Amino acid sequence: MTTRPVRGTAAIAVASLLLAGCGSLPFVGGEESPSPTTTPPRQVDSYVLDHEQSARTIPEPLPGWDRSQVDDPPPRWRKTAPAECIDVLLLGQPRRDAKAMQSGRAEAGATTGSGESLRVLGITVESHEQPLDPALLDRAEQALPQCSAFAFYGEQAGAQPDERISAEPLEVEPVGQQSLGIRKSLQSSAAGGEQKTYYLDTLAVRDGNTLVVVTLTHTDPGTDLSPLRTTAQEVIAAVPEAAR
């Protein structure tokens, strides 16, 4: 297995912009009915992992993929217009509340292909001292109808939007206690000034005290989405062993 630094590509720049919520960044925030993304009730043990244990849940790269490093984006305040779309990015109040009780966190990346066929997989695992509130994913799902197109802002309250983003539900077979698939897309200039559409397909999974966010960045709307669910399943399955 090789480790490939991935820096300077347009796909990674886009991924860094929209995945900033997976890191330890500042946030600006924007009862529950059963969510269709919630799987049938099952007993989930409350595992509390530290950083090292969280890292043990991250699986080896899938066949044909290489472990990668992605430069962390600079800390920036985030907000959206409409305001509720902050929840679609998993940066709203429920995520802030979850981070306040976070006990461990780990992340990793993997890549396959190159040039136009490059695909980037980002994995974030967060463990918490208490079970996660279903509102984290419920609010994101409820906001989606209002967020088919929204603006994403950076550092200053009066700044121009960094990007204009489209978001829509993504059909992925459920994982864990609750899961939600979201496809985010935006237009960006490629080499020669050509406009390219970049897709960030995200599967967020809540399972007991654990939050798993897997994102696949690519330029093909028909790409294989199986790495999202496969990776999330492997993480969730590894939690009990990692907690020992």
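Read-outs: derived from the displayed coordinates by stated rules, not from any lab. Source: prediction; values computed, not measured. Positions of Cβ are generated from backbone atoms using ideal geometry, with glycine treated the same way; all protein chains shown enter the neighbour counts.
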Length gained if residue 60 through residue 171 is fully extended, taking 0.36 nm per residue and subtracting the Cα-Cα distance, is 37.5 nm
Go ahead and collect, in residue order, the members of the stretch 172-209 whose backbone nitrogen is under 16 Å from a label point 7 Å along the Cα-Cβ direction of residue 46.
207-209
Can you tell me the length gained on complete extension of the stretch residue 148 to residue 67, counting 0.36 nm per residue apart and subtracting the Cα distance?
25.9 nm
Say R0 is 41 Å: what FRET efficiency, to the nearest 0.05, do residue 97 and residue 194 get from their beta-carbon distance?
0.45
